[in-house]
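Below is one structure, written out as structure tokens; the observations come after it.
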Amino acid sequence: MSSPLTASAVLFQDDFSTNGPLNSANWDFNHWTQNNNSSFLGQTQMRQNLPSAENGMARIKMDTYTPPPPDNPNAPSNSYYGSEAITNQAWDLTGGGLAFEGKFKFEGNQGGMIAGFFSYEKFAPGVGHEMHDEIDFEIITTQMQKISTNIFKHQASGTPESKPVDGGLAIDHVYRFEWLPSVVRWYVDGKLIRETTENVPTKPQQLHINLWGAPQAGGPNGGPWGPNPGDPGGPNITDPTLLIAHTPAENKSYYFDVDYVKVERLATHLGDSGHNNLLGSAASEALDGAAGDDTLDGGEGHDTVAGGAGNDTLKGGVGDDSLYGGTGTNILSGGAGADRFHSGDGADTVRDTLADLHGDTFAAFGANDAVHIQGALVGRGDVVVTPGAGGTGGSSVTIGGTTFQMEGDQSGGDFMTVARGTGPDANTLLTFQNFLPTLAEGARVDSAKINGIANEPFLTGDGAVGYTAELKSAASAYANTLGYYKIAADGTIGDVNILFNNTMNVASGARTVDLGTPADGERVAFFLIQNGFSKFGALPDNLSFVTPGTGTPSDVDLGVPPVLSSATLGLLNGATIFHSLSTLNPNDALQVLSGTSAGGKELLIGFEDLPAATGDNDFQDIVISIKTNTDDFLLAA
């Protein structure tokens with residue numbers, strides 16, 4: 001799963017088989033310039049000549065003594081003396097994706113140096129390059145158990161992440177990163193260690209290999225340097241034992257040994273800004289839709305399918321595929337094989353059968369994402385979630401004989417299921433929902449947690465699923481009235497009922513109410529009448545919500561706050577009414593927040609009984625729990 005892609009061509013390769021300086025027809029270095037000098041890194045002056053190859057290795061050397069410049073032979077040495085090699089050629093994505101690969105190690109265990117294998121935007125000599133594109137591997141020699149990865153898109157500071165490497169960095173490993181228009185992936189010995197769809201470079205890149213020393217103190221780049229931002233718990237980058245030598249006799253030499261490097265053009269089908277239909281072959285290749293609403297089908301082979309921008313439909317087909325939804329609202333289907341879904345950037349739905357989901361992995365599964373299981377009704381009681389399984393730090397999810405992995409941190413919530421339909425239309429929506437925040441009187445909820453109804457599909461019926469509502473708590477200065485209604489598939493509001501006339505005075509045996517069985521496509525929603533019992537008393541069972549000035553049933557698609565009416569009492573004016581559906585509140589205000597509880601069998605909803613713009617926003621004035629009667633069964637078609 002997530003194997004490196006097939007190369008359609010090798011664009012550049014050097015096996016360093018000839019002893020002596022590297023071939024200047026292929027390689028160059030950063031030349032010293034008075035302004036924007038790129039030949040000084042950290043506290044290191046790069047040699048103004050190419051490194052040498054020896055016994056089939058490029059030996060990228062760093063000395064602790066820097067010879068004085070010819071025009072000032074008595075100048076004191078205050079820097080290290082590093083080496084680098086940069087390909088003369090630069091490559092871009094015009095002809096398809098690219099892979100940069102090398103086999104290398106750092107010799108020894110002395111800290112304080114950085115050995116780099118990376119692509120970097122091509123600049124003319126002397127041009128400022130603080131804002132740049134880059135993809136890299138770096139060995140931080142104070143941390144020889146992890147490789148540092150980084151990525152830049154016209155940035156001065158990238159997004160570093162350090163990843164453990166089996167056996168450490170003092171032995172040879174094959175390092176590879178694959179660069180596609182919508183995704184970058186890093187591999188060590190053929191194993192995926194990182195992937196990202198953010199900050200993907202766009203500019204032509206040269207391949208760099210170098211070795212240099214971190215600053216001890218002062219100098220143009222400051223120092224000493226603390227831990228790598230991608231490894232904040234790790235050691236400092238600067239090592240005080242790596243001393244700058246002031247005489248040739250004090251010099252120590254260190255080597256970054258590179259066995260080979262190569263740049264490959266990947267087998268790629270590229271889309272453009274239009275709405276593309278791309279079909280792969282039997283090879284392991286990449287399909288990248290770029291912008292537009294695309295339909296991409298990998299066909300056979302172990303493919304990488306990336307939607308890019310737009311609302312895309314992605315199919316992996318047969319094989320162990322990697323699918324990246326990108327931005328937008330996307331439909332992903334892996335098909336047979338052990339597939340990997342990266343669904344973090346947009347609102348993505350993975351649509352597969354239970355059989356096809358077996359062995360799959362989900363990365364960056366977010367609150368807006370869902371697994372749509374075809375041909376099976378799955379109650380939450382038949383979903384077994386095992387934290388920390390699979391070595392991913394996430395969870396293993398088992399349904400019947402199917403198991404798949406969810407990477408990431410699921411400690412702040414739980415999975416919920418929405419099982420709907422019958423026969424061939426049977427399907428289940430699996431989502432991850434955060435727990436309801438801890439609520440307390442007068443304690444303002446973090447605005448980031450005020451989410452409205454978190455799982456709208458859970459409140460949508462199919463003509464077979466029944467619901468109950470339970471009053472969990474109420475704490476308010478008002479004698480609020482809480483009710484519910486049903487929204488038909490065409491948006492009209494009907495079947496308006498009162499759950500609790502006075503939420504501050506509900507008998508213990510009357511706290512759970514049957515909401516009935518909504519019709520297919522009919523939604524359940526809730527409303528709160530602020531101080532409703534004090535104003536109206538116990539309301540009759542003949543209520544409706546009407547469109548203002550018309551008397552016709554309200555339509556939620558109009559987005560107009562409705563008016564509550566009684567067949568016997570007329571229009572019930574003079575009370576503030578808040579709805580769980582924000583579009584029915586003035587200014588589309590969110591008057592509820594929601595989440596699940598451990599086990600994922602209920603949706604908890606907290607109401608705020610004061611206007612969101614001026615209230616205390618503690619959302620604990622009324623808290624209810626909604627459950628279905630389909631929690632504990634498994635029926636796979």
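Overview of values
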| quantity | calculated |
| --- | --- |
| Residues (farther than 17 Å from E456 by Cα, in contact (Cβ under 8 Å) with a residue 24 or more places away in the chain and not β-branched (V, I, T)) located in segment 395-415 | G400, G401, F404, Q405, M406, E407, G408, Q410, S411 |
| Hits in segment 478-529 (condition: small (G, A, S), surrounded by fewer than 17 Cβ atoms within 10 Å (Cβ to Cβ), more than 19 Å from N455 (Cβ to Cβ) and touching a residue at least 40 places away in the same chain (Cβ under 8 Å)) | G491, G494, G516, A519 |
| Criterion: of a type outside the set (A, V, I, L, M), open to solvent by 20 Å² or more (accessible area, probe 1.4 Å) and not in a loop (DSSP other than H, G, I, E, B) - qualifying residue of K262, K203 | K262 |
| Single condition A575 does not satisfy, out of (1) modelled with pLDDT of 95 or more; (2) open to solvent by less than 60 Å² (accessible area, probe 1.4 Å); (3) in contact with a helix residue (DSSP H, G or I) (Cβ under 7 Å, 6 or more places away or on another chain) | (1) |
| Selection from segment 428-449 of residues that are open to solvent by 30 Å² or more (accessible area, probe 1.4 Å) and touching a Phe, Trp or Tyr at 6+ places or on another chain (Cβ under 7 Å) | L439 |
| Strands (runs of 3 or more DSSP E) lying entirely in segment 563-637 (those with 1 or more residues that are farther than 18 Å from F500 by Cβ and of a type outside the set (F, W, Y)) | 563-566, 592-596, 622-628, 634-636 |
| Single residue of I193, I147, I209 found to be more than 19 Å from D92 (Cβ to Cβ), aliphatic (A, V, I, L, M) and over 24 Å from the mean Cα position of the chain (by Cα) | I209 |
| Residue that is nearest to L581 (Cα to Cα) [pool: residues in segment 551-560 that are open to solvent by 50 Å² or more (accessible area, probe 1.4 Å) and assigned to a loop (DSSP other than H, G, I, E, B)] | V560 |
| Selected residue (criterion: farthest from the chain's Cα centre (by Cα)) from residues of segment 12-27 that are surrounded by 12 or more Cβ atoms within 10 Å (Cβ to Cβ) and hydrophobic (A, V, I, L, M, F, W, C) | L22 |
| Members of segment 214-233 found to be open to solvent by less than 30 Å² (accessible area, probe 1.4 Å) and within 26 Å of E101 (Cβ to Cβ), listed by number | N228, G230, D231 |
| Residues satisfying the stated conditions in segment 142-159, i.e. surrounded by fewer than 17 Cβ atoms within 10 Å (Cβ to Cβ), part of a loop (DSSP other than H, G, I, E, B) and not hydrophobic (A, V, I, L, M, F, W, C) | Q145, S157, T159 |
| Of all residues in segment 532-550 being free of Cβ contacts under 8 Å to residues at least 60 places away in the same chain and open to solvent by less than 50 Å² (accessible area, probe 1.4 Å), the one that is farthest from E456 (Cα to Cα) | G537 |
| Residue satisfying condition, being within 17 Å of I626 (Cα to Cα), at pLDDT 95 or above and of a type outside the set (F, W, Y), within set N480, N497, N542, N502 | N497 |
| Tabulated pairs, segment 416-445, first within 17 Å of G600 (Cα to Cα) and in contact (Cβ under 8 Å) with a residue 12 or more places away in the chain, second aliphatic (A, V, I, L, M) and open to solvent by 40 Å² or more (accessible area, probe 1.4 Å), C-beta under 9 angstrom, 6+ apart or interchain | A419/L635; R420/A464; T431/A367; F432/A367; Q433/A367; N434/A367; F435/A598 |
| Those strands (runs of 3 or more DSSP E) lying entirely in segment 298-338 with at least 1 residues surrounded by fewer than 21 Cβ atoms within 10 Å (Cβ to Cβ) and under 15 Å from the mean Cα position of the chain (by Cα) | 329-333 |
| Verdict on G234 being touching a Ser or Thr at 6+ places or on another chain (Cβ under 8 Å), in a loop (DSSP other than H, G, I, E, B) and at pLDDT 95 or above | yes |
| Qualifying residue in segment 372-388 (condition: within 24 Å of S597 (Cβ to Cβ), over 11 Å from the mean Cα position of the chain (by Cα), modelled with pLDDT of 90 or more and among the acidic types (D, E)) | yes |
| Residue under evaluation L499, criteria (1) within 15 Å of V623 (Cβ to Cβ); (2) hydrophobic (A, V, I, L, M, F, W, C); (3) within 36 Å of the chain's Cα centre (by Cα), criterion not met | (3) |
| Residue list for segment 82-116, filter: open to solvent by 30 Å² or more (accessible area, probe 1.4 Å) and either in a strand (DSSP E or B) or among the hydroxyl-bearing types (S, T, Y) (or both) | T94, K103, K105 |
| Selection status of G413, loosely packed, with under 14 Cβ neighbours inside 10 Å and out of contact with any helix residue (DSSP H, G or I) (no Cβ under 9 Å at 6 or more places or on another chain) | no |
| Residues (under 22 Å from Y255 (Cα atoms), among the acidic types (D, E) and open to solvent by less than 20 Å² (accessible area, probe 1.4 Å)) located in segment 117-141 | D136 |
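Residue-by-condition table, conditions (1) under 31 Å from the mean Cα position of the chain (by Cα); (2) assigned to a loop (DSSP other than H, G, I, E, B):
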site	(1), (2)
A440	no, yes
A443	yes, yes
Y485	no, no
D490	no, yes
D495	no, no
V513	no, no
P518	no, yes
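The values are calculated or read from the model by the stated rules, or taken from the named source; none is laboratory data. Just so we're clear, the structure is a prediction, and the values are computed from it rather than from any experiment. Here the Cβ is made from the backbone with ideal geometry for all residues, glycine too, and neighbour counts use every protein chain on show. Note: accessible area is taken over every heavy atom of the protein model, side chains too, but ligands, DNA and RNA are not part of it. Shrake-Rupley method; radii C 1.70, N 1.55, O 1.52, S 1.80 Å.
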